[in-house]
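Peer 1: First, the structure itself, so that you have it in front of you.
Values in this text are rule-based calculations from the coordinates and carry no lab data. If you're wondering where the values come from, they're calculated on a predicted model, not measured in any experiment. Note: ideal-geometry Cβ built from the backbone for every residue, glycine included; neighbour counts use all protein chains shown.
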Amino acid sequence: MGNLEKEIETLKYHNQLLLNIIKNPKASLDFLYVEKNITLAEAKRVKQICEELNKRYQIEKAEGYMNFQPLLGQLKRELNPKLSLKEFMEACMTQGEFISLMSALSKSQ
């Protein structure tokens with residue numbers, strides 16, 4: 001896929017996000033993705049990372065773990081460099097995405 005096609009794909013994705021922001025003013029994560037120029041592929045990767053971490057978090061929490069520092073470290077390492085960890089975690093919680101995970105990780109900072 002050429003550069004122009006990638007740009008068009010990103011613009012279409014951002015357009016969808018902007019429509020969602022209009023409908024839902026609490027869509028902070030969508031706003032962050034537009035603001036930081038995150039592509040659809042990058043957003044899918046971030047979601048995949050969060051889903052994997054959330055599964056591990058649920059298992060560890062059920063086993064009685066109290067320290068989620070390793071999960072936080074993994075998120076820091078794997079999060080797209082366009083995104084700041086603090087901003088990302090706050091946006092997830094505001095938008096209602098991975099609330100339990102992000103809350104636990106923010107306490108681990």
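Peer 1: Which listed residue (M66, L101, S84) has the Cα farthest towards the positive end of the charge dipole for the chain, taking +1 on Lys and Arg C-beta and -1 on Asp and Glu C-beta about the Cα centre?
Peer 2: Working it through, the farthest residue towards the positive pole turns out to be M66.
Peer 1: Tell me the net charge near L40. Cut-off is 13 Å between Cβ atoms, L40 excluded, with +1 for each Lys or Arg and -1 for each Asp or Glu.
Peer 2: Once positives and negatives cancel, what remains is 0.
Peer 1: So, one more: Going Cα to Cα from K23, which aspartates and glutamates come in below 17 Å? Please leave out same-chain ones fewer than 8 positions away.
Peer 2: Qualifying aspartates and glutamates at Cα under 17 Å: E97.
Peer 1: Calculated from the structure, Kirkwood radius over Cα pairs in Å equals which of (i) 14.0; (ii) 15.3; (iii) 14.7?
Peer 2: (iii)
Peer 1: Give me the net charge for the shell around E78: Cβ to Cβ below 10 angstrom, other residues only, Lys and Arg +1, Asp and Glu -1.
Peer 2: +2
Peer 1: Same structure, new question: Let's test the formula: R0 of 22 Å, r as the Cβ-Cβ distance of L85 and E7. What FRET efficiency results, to the nearest 0.05?
Peer 2: That gives a FRET efficiency of 0.20.
Peer 1: What list of ³J(HN,Hα) values in whole Hz, one per residue of the range 42-48 in order, does the Karplus curve 6.51 cos²θ - 1.76 cosθ + 1.60 (θ = phi - 60°) give from phi, with Gly and Pro shown as x?
Peer 2: Computed from phi, the couplings for the range 42-48 are 5, 5, 5, 5, 4, 5, 4 Hz.
Peer 1: Using alpha-carbon pairs under 8 Å, 6+ residues apart, how would you state the relative contact order of the chain in percent?
Peer 2: Result for the chain is 29 percent.
Peer 1: Turning to a different aspect of this structure: Quick one: dipole size for the chain, taken about the Cα centre, charges +1 on Lys/Arg Cβ and -1 on Asp/Glu Cβ, in debye to the nearest 20. Walk me through the intermediate numbers first.
Peer 2: Working: 16 positive and 14 negative charges, 29 e Å.
The calculation lands at about 140 debye.
Peer 1: Hand me the trypsin sites (Lys or Arg not before Pro) from the range 38-109 located in a DSSP loop with no more than 15 other Cβ atoms within 10 Å, in residue order please. Write down the numbers at each step before the final one.
Peer 2: Working: sites: K44, R45, K47, K55, R56, K61, K76, R77, K82, K86, K107; in loops: K82.
Those satisfying the criteria are K82.
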